[in-house]
Amino acid sequence: MIDKKIIFFDIDDTLLDANKNIPPSAKQAIMDLKGLGHEVAIATGRAPFMFQNIREELEIDTYVSCNGSYVVLKNEVIYDRALDEDALFMLTELALEHEHPVLYVDAQDMKANMPEEKLLRTSVGQHKMFIPQHDPFFYKNRKIYQALLLCHQEEEKYYESVFKAFDFVRCGIDATDVVPSGGSKAVGVSKLTERLGIALDHQYAFGDALNDVNMLKSIPNSVAMGNGLPEAKAAAKYVTKRVEEDGILHGLKMVGLL
C-alpha cells in the first residue's frame with residue numbers, strides 16, 4: 001500500500017500557463033496522483049471565489065487561499081486570520097492620500113477604495129484584471145483576509161515602515177499583497193498538514209513566485225517552475241520545466257511521485 005503524500009500546487013504560472021489554461025498533462029497528472037491515493041491541494045494567493053472553476057475542473061476540495069489566511073479541508077474552513085481592521089483603516093487613509101488604490105478581499109468578493117474609472121487607469125485596467133466595484137467601507141465589520149495595494153516597489157517601503165500589523169509581498173511591478181504579519185502560504189500549509197497528520201517528508205509543493213518562497217523553503221520536497229522567479233528557484237529543492245513544457249508532470253517525475 002502506498003504511503004499517502006500531500007502535494008500543494010500554486011495556481012498562476014504553476015498550474016496555469018500564460019493563457020490561464022491548465023495543460024492537459026498537468027490535469028492528467030493530478031488525476032493520477034489522486035488515483036494513487038495521495039492528497040492534492042491548492043496553495044494560492046487568490047481568494048476562494050477566484051478559483052472555484054479550477055477546483056471544480058480538478059475536483060479539489062482542500063486548499064490554502066489568500067496567501068495562507070483562509071484554509072479549507074474537504075470544503076470545511078479549518079483556519080482563518082483576517083487583517084486588523086484599525087490598521088486597514090489607516091492603510092486606506094494613507095493610500096488615498098497618495099492616490100494608491102486598495103482592493104479588499106474576503107472569501108466571497110473583492111471591492112476597491114476607488115471608483116472603477118480610476119482603477120481602469122491603474123495596473124488593474126492595464127493588465128485586464130477583474131475590475132472590482134467601488135466600496136470604500138467594504139472592510140468594515142467583515143473579515144478581510146488580504147488586500148492588494150497598487151504602488152511601485154520603492155513606494156511600498158514607506159508602508160512597510162508604518163504598518164507592523166501587515167506583511168507586504170510583492171506580486172507585480174505595480175502591486176503588492178497585504179497579509180497579516182507573519183502570515184504566508186507556509187503557515188496555511190502547516191495548518192492543513194497538522195490536521196491531516198502528514199509528516200514533513202511526505203509533503204510536496206510547486207510554486208513560482210515571491211509568495212511561494214516561504215512554502216518552498218519550509219517543505220523539503222519543493223519544486224519551482226522553470227518559468228519561476230529566481231527567488232523561488234533558489235528556495236526550492238528542485239527546478240522543473242516551464243508550465244507549457246509539461247512542467248508539472250516533469251516535476252512529479254523528478255520527485256518520484258509519478
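The values are calculated or read from the model by the stated rules, or taken from the named source; none is laboratory data. What you see is a predicted model; the values in this text were computed from it and never measured. Here the Cβ is made from the backbone with ideal geometry for all residues, glycine too, and neighbour counts use every protein chain on show. Ligands, DNA and RNA are excluded from the accessible area calculation, which covers all protein heavy atoms including side chains. Shrake-Rupley method; radii C 1.70, N 1.55, O 1.52, S 1.80 Å.
Here are the numbers for the structure shown:
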| read-out | value |
| --- | --- |
| Given the chain, longest segment not containing exposed loop chymotrypsin sites (Phe, Trp or Tyr not before Pro) (DSSP; at most 14 other Cβ within 10 Å) | 1-129 |
| Selection from Cys171, Leu257, Phe138 lying farthest towards where the dipole of the chain points positive, charges on Cβ | Leu257 |
| Shape of segment 159-243, Cα gyration tensor, a/c cut at 1.5 | oblate |
| Correct option for percent of Cα pairs over 30 Å apart [calculated from the coordinates] among (1) 30; (2) 26; (3) 22 | (2) |
| Set of aspartates and glutamates near Lys217 by C-alpha distance (under 17 Å), chain-local residues within fewer than 8 positions excluded | Asp10, Asp201, Asp208, Glu231 |
| 3J(HN,Hα) from dihedral phi, segment 45-52, Karplus parametrisation 6.51/-1.76/1.60, rounded to Hz, x for glycine, proline | x, 5, 7, x, 5, 8, 9, 4 |
| About the Cα centre, charge dipole magnitude for the chain (Lys/Arg +1, Asp/Glu -1 at Cβ), debye | 660 |
| Simple Cβ-charge dipole of segment 3-118, Lys/Arg +1 and Asp/Glu -1, about Cα centre, in debye nearest 20 | 580 |
| Charge dipole magnitude, Cβ of K and R +1, D and E -1 - segment 194-241, Cα centre, debye nearest 20 | 100 |
| Carbon plus sulfur fraction of accessible area for the chain, probe 1.4 Å, in percent | 49 |
| Under-5 Å amide H pairs with Ala175, H placed in peptide plane, nonlocal only | Cys151 |
| Rounded tilt (10° steps) of 24-35 against the dominant C-alpha axis of the chain | 70 |
| Under the Karplus curve 6.51 cos²θ - 1.76 cosθ + 1.60, θ = phi - 60°, whole-Hz ³J(HN,Hα) for segment 178-189, x wherever Gly or Pro sits | 10, 10, x, 4, x, x, 5, 4, 4, 5, x, 4 |
| Under 5 Å, built H, 5+ apart or other chain: amide partners of Val239 | Ala224 |
| Placed amide H near Arg142: partners under 5 Å, 5+ positions off or other chain | none |
| Under Karplus coefficients 6.51, -1.76 and 1.60, residue-wise ³J(HN,Hα) of segment 234-244 in Hz, glycine/proline x | 5, 7, 8, 6, 10, 10, 9, 7, 5, 3, 6 |
| Unit charges at the beta carbon, dipole of the chain: most positive-side option, Ile198, Pro48, Val239 | Ile198 |
| On Cα atoms only, tilt of 85-97 relative to the major axis of the chain in degrees | 60 |
